[in-house]
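Undergrad: Supplied in structure tokens, the structure appears directly below.
We did not get these values from a lab; they are worked out from the coordinates using the rules stated. Computed from a predicted structure; not experimentally measured. As a convention, Cβ positions derive from the backbone with ideal geometry for all residues, glycine included, and neighbour counts pool all protein chains shown.
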Amino acid sequence: MVVSERQKAIYDTIKLAAIAGEVCPTNRKIAKLSGLASTSSVADAIGRLQRKGKLMVTRYNRSRVVVFPDLDLATAEPPVSTALGQAPHWRNRLPGVSYLPDPLPPVFPPPAPWRLQWRPQRWQPKTCQYIEGVPSRDERVKCGKPVAPSSPYCADHHARCYYRPQAG
């Protein structure tokens, strides 16, 4: 199979990292070491080398291990700082398997069950909210009398504001 010069440069860059026992370099670092300007061309070339059988790539969350089947050589595994770093790449995950680490115990105890019950809170004014005065002169004053049950107005203003049509 024919390998282009760009693919050969990327192949050699990754091979040097594997010989040195290092982790596989990022696409940006490979592009810089190979003299390329685009990181997407690196990803494309690695994919082509995989399809040609020159490389085998195992992806992790933010890194990868590249195996050279012909040379019996591989890059080092990435250092694991968390349990999430050990999870396989999202493309290689099995359905229904959780790759999350065990949850930490709660810092605070859960709230009491009676605190979880929802009680509706409704604002109810204590004095009549009917505005009296002349609005154009900015002489607005609220009535201030005690309110009627389930109304924001006193009994007089409630009768004035809530019109109940006569049946008949």
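Undergrad: Under 23 Å Cα to Cα from K145, which lysines show up? Leave out anything in the same chain fewer than 8 places away.
TA: Leaving aside lysines fewer than 8 places away in the same chain, those within reach of K145 are K126.
Undergrad: Take Y153, Y163, Y99 and order them by how many other Cβ atoms sit within 10 Å, fewest up front.
TA: Y163, Y99, Y153
Undergrad: What is the sum of charges, Lys and Arg at +1 and Asp and Glu at -1, for the other residues whose Cβ falls under 14 Å from the Cβ of V3?
TA: +3
Undergrad: Gap in Å between the Cα centre of the range 141-162 and the Cα centre of the range 1-69?
TA: Using only Cα atoms, the two centres lie 79 Å from each other.
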